[in-house]
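Everything on this sheet refers to the single structure shown next.
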Amino acid sequence: MATNPPKLKTAITANERLHNLKKTFEAKYGESPLFYACAPGRVNLIGEHIDYCGYSVLPMAIEQNIIAAVSVNNSGTIQLANTNPQYKDFTVSCFEDIVVDRDNPKWYYYFLCGVKGIQEKFGIAHLSGMLCVVNGTIPPSSGLSSSSALVCCAGLVTMEANQKSLSKVALAEICAKCERYIGTEGGGMDQSISFLAERGTAKLIEFQPLRATDVTLPDGALFVISNCCVEMNKAASSHFNIRVVECRIATKMLAQKRGLDSSRLLKLAEVQMALKVLHPEPYGREEICKVLDITSEQFSTELLSANTQHVTQFKLHQRAKHVYSEAARVLQFKKVCDSKPTGSIQLLGDLMNQSHASCRDLYECSCPELDQLVDILILAHPHPKMLAALHILYLRFQLV
Ligand code: ADP
Ligand code: MG
């Protein structure tokens, strides 16, 4: 296979896009942008839903991104606009606390997450005024992390507008934390790859401390990122956070059974041990409280998130099983990329297929449309060197 596979012509080149953004900015605000900021989306090759459990993941950035055109002023306001008319204008005052309404996750609240993160990092009392127009090409709510690209872009914009400077790692850590203002309790992969990605390489992202290591994929491997066109808005639903809290509770249960101090442990990676202490699903609140020796009140405030308070039954065993097996697959994937044995591409494909099966059956974060797409791609097997990097949609059907 050619090392440079033929590319479909995209509707618009990067230069045309920037030019159009500049024109929109000028038409809207009557002045030219002072600077532009850009943050890419990503596809996770392997390591689904394990970053928030403390495990390493293996994503790469994609061409689709969020860009912002910005000018700075002392108007005392931040004015946000979007080239997509679906996303309405919004203005906030630089003299009032920035409020992110997680019950109503409009696009500008993601932007304000990034603003707030930088403001808090530097303790900025009064932010610089800004005029801003955002343009994005990442399909939203499709598992390519448009939300984090937007938060990261906003963090970058705010840092620059307020004449601050940070390393990429620091920016990634701040943006991972501040995206949680919107309510989704992610683990930090998306913001990390958005800042730390480099052309021509995937990255193994490890946490605590955050670091990114190049993973060179085998020559000729071609990744197809296909969209099953089912959307899942993570902040507007509780599906994502239910998985997060289930893993958190599984951690506590495992720790408690093993006589560890469960009050200090939050991540499965921190308590990696035999799964057999967990019984078949599901677990009820009462039983969990009993094992952990906590009150129902403590359970709600310390373990659940705001949007998972209604959940009464938890699938701890299968969620933990996915996380532990997926974490092992990430390491196997990296090993194949590093040692490049014969049949590397087949081995990587097998790991990705196992990952999908685990997401589908144990983590239940797929949907019928995505499963069908995966089946079609596996059956079609259009080229022996083709891998299907299917971006995984977070579940939209049958939940507890
Ligand atoms: P994803 O998997 O893409 O991160 P999320 O549900 O986490 O999906 O985030 C999607 C949300 O991000 C959208 O509902 C929208 O509010 C915001 N978003 C994505 N792309 C854009 C964009 N180009 N402009 C403004 N907001 C965007
Ligand atoms: Mg997201």
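Laboratory data are not the source of any read-out in this text; all were calculated from the coordinates shown. Keep in mind that this is a model prediction, so the values were computed, not measured. Every residue, glycine among them, receives a Cβ derived from its backbone with ideal geometry; neighbour counts consider all protein chains shown.
Stretching residue 350 away from residue 312 to a fully extended chain increases their span by 10.1 nm, per 0.36 nm per residue minus the current alpha-carbon distance.
For the chain, the 222 nm mean residue ellipticity estimated from helices alone, with every DSSP H stretch of n ≥ 4 adding -39500 (n - 2.57) and the total spread over all residues, rounds to -12000 deg cm²/dmol. When the Cα centres of the range 112-177 and the range 89-103 are compared, how far apart do they sit, in Å? Centre-to-centre (Cα) distance: 14 Å. Charges were assigned to the Cβ only: +1 to each Lys and Arg, -1 to each Asp and Glu. The resulting dipole of the chain about its Cα centre is roughly 520 debye. The range 317-345 and the range 183-235 have Cα centres spaced 15 Å apart. Ranked by the mean number of other Cβ atoms within 10 Å per residue, highest first, peptides 305-312, 69-76 order as 69-76, 305-312.
With the cut-off at 1.5 for a/c, could you classify the range 59-151 from its C-alpha gyration tensor as rounded, prolate or oblate? Walk me through the intermediate numbers first.
Numbers: a/c = 1.75, a/b = 1.59, b/c = 1.10.
It is prolate, given that a/c is not under 1.5 and a/b is the larger ratio.
Does the chain classify as rounded, prolate or oblate by the C-alpha gyration tensor (a ≥ b ≥ c root eigenvalues; a/c under 1.5 gives rounded; else a/b over b/c gives prolate, otherwise oblate)? It is oblate, given that a/c is not under 1.5 and a/b is not larger than b/c.
Give me the percent of DSSP beta bridges within the chain that run antiparallel, rounded to the nearest 5.
80
Which one, 179, 246, 120, has the greatest fluctuation when you compute a Gaussian network model over the chain with C-alpha springs under 10 angstrom? Judging by the Gaussian network model, the answer is 120. By the beta-carbon count within 10 Å of each Cβ, the least crowded to most crowded order of 254, 268, fewest first, is 254, 268.
Straight-line reach from residue 315: taking Cα to Cα under 22 Å and skipping same-chain neighbours fewer than 8 places apart, the lysines in range are 234, 252, 257, 267, 276, 290.
Residues 102, 258, arranged from fewest to most other Cβ atoms within 10 angstrom of their Cβ, appear as 258, 102. Rounded if a/c is under 1.5, else prolate if a/b beats b/c, else oblate: with a ≥ b ≥ c from the C-alpha gyration tensor eigenvalues square-rooted, which is the range 1-113? Oblate.
Mind checking the dipole of the range 217-275: about its Cα centre, +1 per Lys or Arg Cβ, -1 per Asp or Glu Cβ, Debye to the nearest 20?
The dipole magnitude comes to about 380 debye.
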